[in-house]
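The values are calculated or read from the model by the stated rules, or taken from the named source; none is laboratory data. Predicted, not measured: the structure shown is a model, and the values here were computed from it. Note: ideal-geometry Cβ built from the backbone for every residue, glycine included; neighbour counts use all protein chains shown.
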Amino acid sequence: MRSISGRLLRIGVAALLVGPGVGACATDSAGATGYHLVVRQGDGHVLGDFDLARLRELPQIEIETPQSRGNQVQRGPELRSVLTAAGAGDVSAVRVEGSDPAQTLTAVELADRVVLSFTKRDTVKLAGAELARDRWVRDVSAVVVNP
């Protein structure tokens, strides 16, 4: 019979090995991703919740990103389309949160072909044709409107 402390130790080690990872991503027993991102107001009010299927239903664009260290073309919904689908109105700025440091974009920057590009990890990343590479955000988990 295994001791409780032994089980707790194994759980703790497993948590350390997994690490913080992508808070918005989980896998069910069939291996399907549970990734989603949330669009919310600066006051915390949730405007929309998007899984990968819902993001793929939105109009998709491709943009060239020569500043990319990998794929030179990013594909996904424009961030503006996601905001519209969530019902966000009167957007002056957004903060995009994920596994990289959060980035705040002005309304003007949102007009510069900014997309939530699908990744090989079954998440999305913030990328833009005119957005410097150091402002991209991997594994986007939240978009905060008027932070």
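For the reader, a short list of remarks on this structure follows.
- Count of residues meeting criterion [under 18 Å from A85 (Cα atoms), at pLDDT 95 or above and either out of contact with any strand residue (DSSP E or B) (no Cβ under 6 Å at 6 or more places or on another chain) or in a loop (DSSP other than H, G, I, E, B) (or both)] in region 113-145: 2
- The set of residues from region 96-112 being within 18 Å of L37 (Cα to Cα) and part of a loop (DSSP other than H, G, I, E, B) comprises G98, S99, D100, P101, A102.
- Selection within region 96-121 - touching a residue at least 24 places away in the same chain (Cβ under 8 Å), crowded, with 17+ Cβ neighbours inside 10 Å and of a type in the set (D, E, K, R): E97, R113
- Inter-residue pairs, beta-carbon under 7 Å, first touching a residue at least 40 places away in the same chain (Cβ under 8 Å) and in region 48-75, second acidic (D, E) and not in a strand (DSSP E or B), 6+ apart: L52/D122
- Taken together, the criteria place V91 among residues that are over 13 Å from the mean Cα position of the chain (by Cα), without any contact (Cβ under 8 Å) to a residue 60 or more places away in the chain and over 16 Å from R69 (Cβ atoms).
- I11 meets each of the listed conditions (1) at pLDDT 95 or above; (2) of a type in the set (A, V, I, L, M); (3) surrounded by fewer than 18 Cβ atoms within 10 Å (Cβ to Cβ) apart from (1).
- Among the candidates A93, A88, A129, residue that is touching a helix residue (DSSP H, G or I) at 6+ places or on another chain (Cβ under 7 Å), surrounded by 15 or more Cβ atoms within 10 Å (Cβ to Cβ) and more than 23 Å from G34 (Cα to Cα): A93
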